[in-house]
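Here is the structure we will look at.
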Ligand SMILES: [Zn+2]
């Protein structure tokens, strides 16, 4: 398939495959009745679809040349063709898994989290981990993956792999949780899916379209409305390593409040509102 064709929606790709097969085997088919079984339910309604794109109209013209009956067969009832088409991929996945376990075993020796878990097991402390063949397992069946690089490889396999086909964050997390474990696994999966270029280019949004950006109302007096920003990762000074900058949107007067990188939003809001309300009254925004 060309790059453009690869970006088509799933049911269009499926229909394209049907048309391709009909054209390729037209000399065998002739005027005979043909039954096409597909696991894509949308194709069943292709012939009765009221609105068609130009591409779909061309396909319908081709379909009209044959006596085709398109039937839906759910994926779970169609396991044999699936297994045959994925045989080679399964072998690659298995070999990859063995290689990965070797790498994980080596990396676990220098990982602080793995060392602590090992220590707990040796001390007999109650834990969800257990050791097997030098590998750390979480709740019996989930392999602990120590390094970022390996986690990224696994994420790629569980999201971009040919067997999974760019599932959403939930599906990717479920797949990961079946076999792997590391702290904040769900967040890693969500971040990975959010930044996947393929998903961003091809996924259709079901949400209502957002409107235009709205400007903030113009303040009518000083300290009615303020903006905030942070300067972080500064060299420590008197116990602080960040500066919170509060600027009055009317007069552009600025206040610099010393704070810490790890300060919580609640603490910061309390700090800024206490300071500004003491000197300048309360803000609207
Ligand atoms: Zn993706």
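The table below gives the values:
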item: Fewest-first sequence of 118, 238 by Cβ atoms within 10 Å of each Cβ; result: 238, 118
item: Least to most buried among 182, 16 (fewest other Cβ within 10 Å first); result: 16, 182
item: 12 Å reach of a label modelled at residue 178, 7 Å along Cα-to-Cβ, counting backbone N of the stretch 132-155; result: none
item: DSSP bridge orientation in the chain - percent antiparallel, rounded to nearest 5; result: 70 percent
item: Degrees separating the helix 148-159 axis from the principal Cα axis of the chain, which is the longest one; result: 40 degrees
item: Residues residue 203 and residue 141, FRET efficiency given R0 of 41 Å [Cβ-Cβ distance, rounded to 0.05]; result: 0.85
item: Helix 54-64 axis, angle to the chain major axis (alpha carbon atoms, nearest 10°); result: 30 degrees
item: Helix 10-24 axis, angle to the chain major axis (alpha carbon atoms, nearest 10°); result: 20 degrees
item: Helix-only [θ]222 nm of the chain, DSSP H runs n ≥ 4, -39500 (n - 2.57) each, per residue, nearest 500; result: -14000 deg cm²/dmol
item: Candidates 221, 168, 211: whichever shows maximal mean-square fluctuation once the chain is modelled as a Gaussian network with Cα springs under 10 Å; result: 221
item: Residue exposure sequence - 144, 192 - by fewest surrounding Cβ within 10 Å; result: 144, 192
item: Inter-site label distance for residue 194 and residue 227 at 7 Å from Cα along Cβ, in nm; result: 2.3 nm
item: Cα gyration tensor category, rounded, prolate or oblate, for the chain with a/c compared to 1.5; result: oblate
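Quick note: the coordinates plus some simple rules give every number you see, no bench work behind them. Values in this document were obtained by computation on a predicted structure and should not be read as measured data. When we count neighbours, we look across all protein chains shown, and the Cβ atoms used for this are built from the backbone with ideal geometry, even at glycine.
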